[in-house]
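A short reminder: the numbers here are calculations on the coordinates, not readings from a lab. What you see is a predicted model, and the numbers here were worked out from it, not measured in a lab. Counting neighbours? That spans all protein chains shown, and the Cβs are built from the backbone with ideal geometry, glycine included.
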Amino acid sequence: MTVASIETTLELWASSLREVKGRMRGLFVQERVAASANLFLDGLLGDERRKTGWIRAEAAGDPGPWRQHAILGRGHWDADALRDIVRDYALETLADPDAVLVIDGELDQRMIR
């Protein structure tokens, strides 16, 4: 069994996140909206226990939650296309006949085989 250093693991994770963000870029017409979507994703992946609009905005460096809300409420992007991007990425990177997916949440813990 090979053990990667923490630095190598973090760079691999960061590289994978950049790849996913690159795949998402095509969903947005304007670069600034794509950048806001990337910051939105960063906020969701952050370590704050609560993911309110204000907390996500603060993590993104925005003065308020308006940009974050605009992505979800007023933005024009294809949710089905995003689902397909996430599904394809998950299958490419996690597909293994012996794999087990574990979804762990505060209110819901399940193991899916």
Roughly what percent of Cα-Cα pairs across region 29-85 reach past 17 Å? 35
For 43-52, 18-27, ranked highest to lowest by mean beta-carbon neighbours within 10 Å, the order is 18-27, 43-52
Using the beta-carbon distance between VAL86 and SER5 and R0 = 41 Å, what value does 1/(1 + (r/R0)^6) give for FRET efficiency, to the nearest 0.05? 0.90
Expected vector for region 35-44, Karplus 3J(HN,Hα) from phi with 6.51, -1.76, 1.60 and θ = phi - 60°, integer Hz, x for Gly and Pro, equals 5, 5, 5, 4, 5, 4, 4, 4, x, 5
Compute the normalised compactness of region 6-112: alpha-carbon radius of gyration over 2.2 N^0.38 Å, N being the residue count. 1.19
Kirkwood-based Rg to Rh ratio, region 1-41, C-alpha trace: 1.18
